[in-house]
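A.B. asks: Before anything else, here's the structure in question.
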Amino acid sequence: MGAFNSSPAMDVREILLSTSDSEDGSDSETNYALIFQRLIRRYGSSLTPNPPGEGFVMSQRRPRIKKFKPNTAKLDASEFYYMTKMDAGLGTCIDKSGVNVATLLKERECGKFRNETFSNYKRCRIANNYIPNKMGIFDHYDGKVFCGTFSEDGEYFITASQEHVIRVYKTNNGDYELIQRLNARDVGWSVIDVAFSPNNENFIYSTWSTSIHLCSVGGNPKKQEPLKLVNTARRFCVFSLAYSSDGQEILGGANDGVMFIYNLERNRRTLKISAHDFDVNTVKFADHSSHIIYSGSDDGLIKVWDRRTFGEEVTSKPVGVFAGHQDGITYIDAKGDGRYLISNSKDQSIKLWDVRMFSTEEAMAETRRSIHEQTWDYRWQTVPKRLSSLPTITGDTSVMTYKGHVTTRTLIRARFSPLRNTGQRYIYTGCGSGRLIIYDALTGKIAREERKHSYCVRDVSWHPHYNEIFTSSWDGTVGRWYYASKDEKPIELCPVLRRSSRIASRNNNSTRPIVVL
């Protein structure tokens, strides 16, 4: 409906029907704000006596990304720096000239390597010269893709989209096969998170619901067991899920500031902690012991919990807190060694933390003040310019800060690259502008920056053994990234196999072809 034949009052109903594209699907204050913003865009500044201020006019323009010069002083002196260099096969210094693969092959043939094969360090050093730089369309859905992640061993890949569909693929050494298509239940807004069990027999998913759902990998898609978490009439959502290493417990973080543990053997929730003042957007086990837990929230704080210290649920306290971000936390990833973790934030930065260096009460108070002063909404507004010039939080104990990506629209995820084939040298993340960003964890600089999606990339997943990355985007596509030289022609990716050739042939006319961008 155009402005020439309508009025603001006539358009309110139309705009109300289109204001549901937020992370949490809320329909109160945010929608009223969106109504006002969209009316301004349609009718101009005649609706308000003064032009709207910075950050209060919705814009479809790609956010301007200010160049950031990394400060590596703390990083260079850290154990993380030396450990990662060793794991990545760099020895005592970073070889900027790269690796002469021909020389290494010659040395191997001459018997200079034990067992006539490359060590894991050598393999990582070689592979890190060929990080993915080209993307093909792995699959295309009818809704925004919220999740896309590999199982721990890389045998399966799972995706979840806003069309309420969860898909499980078998990797088959690169010949991916769709083995399960499941219609999620009790969705409300979208499937928010998914997680495989350690043995790959089951997976769980969460939605805007008081229950999470347990399903069998490759089993009957209609058999979905709801696991009740709370009894409430209020809107409730679990934003983040994780299995314990033994597969007996499920860790979750919810929109009411609560962190919980559900015990599958007892078939009930066994722990509920009021962990944060605002939404708990992300939770993670620190390592395979499942004793240490990390949680991140819209209060801008990352808390570290030791389950061995838990007493009564209401009195349990964290063993330490990290303060340094100046806006809410969207995701946490653990390095897996029980020492280091990264956090992605709406303040447009990723920070690296050492669990032996907690923050002070003063730093926590300053973070809370900074959060209180934030007036923009990352879900539908562009990034305010002032975020790039905010002073560092006094007492920020982070080891390193990485900047260059955009965190808008949704809870964008960032992760460490795999240990086996990269030595965890890289930190990679999605982006609100549709890019895949790969940071060199040792320099703070962007090692790879590629934009192939037309909308934000919410989730990213690097195969634990193969040199490929999958990106899940709100443009409805899942991208499959691989390495190719400048002179090399794009690889023709094999279509995803279906359960039977008959079904695949029948659906051939309706499925989209795989295109390499």
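A.B. asks: Using a 1.4 Å probe, how large is the accessible area of ASP347, given in Å² and rounded to the nearest 10?
C.D. replies: Here the residue's solvent-accessible area equals roughly 10 Å².
A.B. asks: Whenever you get a sec, compute what percent of the accessible area on the stretch 240-350 sits on carbon and sulfur atoms (1.4 Å probe). List each step's numbers first, then the result.
C.D. replies: Details: 1460 of 3600 Å².
So the carbon and sulfur contribution to the accessible surface is 41 percent.
A.B. asks: Ok, one more. Accessible area per residue, 1.4 Å probe, Å², for the stretch 367-414: what's the number?
C.D. replies: That works out to 40 Å² per residue.
A.B. asks: Ordering MET357, MET86, MET259 by accessible area with a probe of 1.4 Å, largest first, what comes out? Walk me through the numbers before you get to the answer.
C.D. replies: Numbers: MET357 75, MET86 100, MET259 5 Å².
The ordering from most to least exposed comes out as MET86, MET357, MET259.
A.B. asks: Can you pull the one-decimal nm distance between simple spin-label points at ALA484 and ALA73, each 7 Å off the Cα toward Cβ?
C.D. replies: Calculated label separation equals 4.5 nm.
A.B. asks: Rounded to the nearest 10 Å², what accessible area does GLU366 show when all protein chains are kept and the probe is 1.4 Å?
C.D. replies: Counting only protein heavy atoms, the figure is 50 Å².
A.B. asks: So how much accessible area does ARG420 have, in Å² to the nearest 10, using a 1.4 Å probe?
C.D. replies: 140 Å²
A.B. asks: At 0.36 nm per residue, and after removing the present C-alpha to C-alpha distance, how many nm does the segment from ARG108 to ASN183 gain when stretched out fully?
C.D. replies: Computed gain between ARG108 and ASN183 is 21.9 nm.
A.B. asks: Let me ask you something else. Find the percent of Cα-Cα distances in the stretch 331-474 that exceed 26 Å, and round it to a whole number. Mind showing how you got there, number by number?
C.D. replies: Numbers: 2567 of 10296 pairs.
Result for the distance tail: 25 percent.
A.B. asks: If you don't mind, there's one more thing I want to ask. Between LYS222 and ARG308, what is 0.36 nm times their sequence separation minus the Cα-Cα distance? Round to one decimal in nm.
C.D. replies: Computed gain between LYS222 and ARG308 is 27.2 nm.
A.B. asks: If you rank HIS372, HIS453, HIS164 by how much accessible surface each has, with a 1.4 Å probe, what is the order from largest down? Don't jump to the answer; show the numbers that get you there.
C.D. replies: Values: HIS372 155, HIS453 5, HIS164 70 Å².
Ranked list, largest accessible area first: HIS372, HIS164, HIS453.
A.B. asks: Where does each of 215-224, 330-339, 201-210 land if you order them by average Cβ count within 10 Å, highest first?
C.D. replies: Going by the mean number of other Cβ atoms within 10 Å, highest first, we get 201-210, 330-339, 215-224.
A.B. asks: For the stretch 120-270, what relative contact order do you get, as a whole percent, if you take Cα pairs closer than 8 Å and at least 6 residues apart?
C.D. replies: Normalised by residue count, the contact order of the stretch 120-270 is 13 percent.
A.B. asks: Now, a different point. Return the FRET efficiency for the residue pair SER245, ASP142: r is the Cβ-Cβ distance, R0 is 30 Å, and the value is rounded to the nearest 0.05.
C.D. replies: Numbers: r = 36 Å, r/R0 = 1.20.
Efficiency, from the Cβ-Cβ distance: 0.25.
A.B. asks: Compare LYS486, LYS69 by solvent-accessible area with a 1.4 Å probe and give them largest first, with all protein chains kept in place.
C.D. replies: So the residues, ranked largest to smallest area, are LYS486, LYS69.
A.B. asks: Give me the extension gain from ALA233 to ARG451: residue separation times 0.36 nm, minus the current Cα-Cα distance, reported in nm with one decimal.
C.D. replies: Numbers: separation 218, 0.36 × 218 = 78.48 nm, distance 4.19 nm.
The ALA233-ARG451 span can extend by a further 74.3 nm.
A.B. asks: Just the accessible area per residue of the stretch 270-312, please: how many Å² with a 1.4 Å probe? Present the calculation step by step, with values, prior to reporting the outcome.
C.D. replies: On the way: 1550 Å² over 43 residues.
Counting only protein heavy atoms, the per-residue value for the stretch 270-312 is 36 Å².
A.B. asks: Oh, and also: Excluding ligands, DNA and RNA, what is the solvent-accessible area per residue of the stretch 117-211 at a probe of 1.4 Å, expressed in Å²? It would help to have the intermediate numbers written out before the result.
C.D. replies: Values: 3170 Å² over 95 residues.
Result: 33 Å² per residue.
A.B. asks: Quick one: give the max-minus-min coordinate of the C-alpha atoms of the stretch 403-489 along each principal axis, largest first, in Å.
C.D. replies: For the stretch 403-489, the Cα extents along the three principal axes come out at 31, 31, 22 Å.
A.B. asks: Over the stretch 287-402, what is the relative contact order in whole percent, taking alpha-carbon pairs under 8 Å and six or more residues apart?
C.D. replies: Relative contact order of the stretch 287-402: 26 percent.
The values are calculated or read from the model by the stated rules, or taken from the named source; none is laboratory data. The shown structure was predicted, so the numbers you read here are calculated from the model rather than taken from an experiment. Cβ: placed from backbone, ideal geometry, glycine included. Neighbour counts: every protein chain shown. Just the protein is used for accessible areas: all its heavy atoms, side chains included, with ligands, DNA and RNA removed. Shrake-Rupley method; radii C 1.70, N 1.55, O 1.52, S 1.80 Å.
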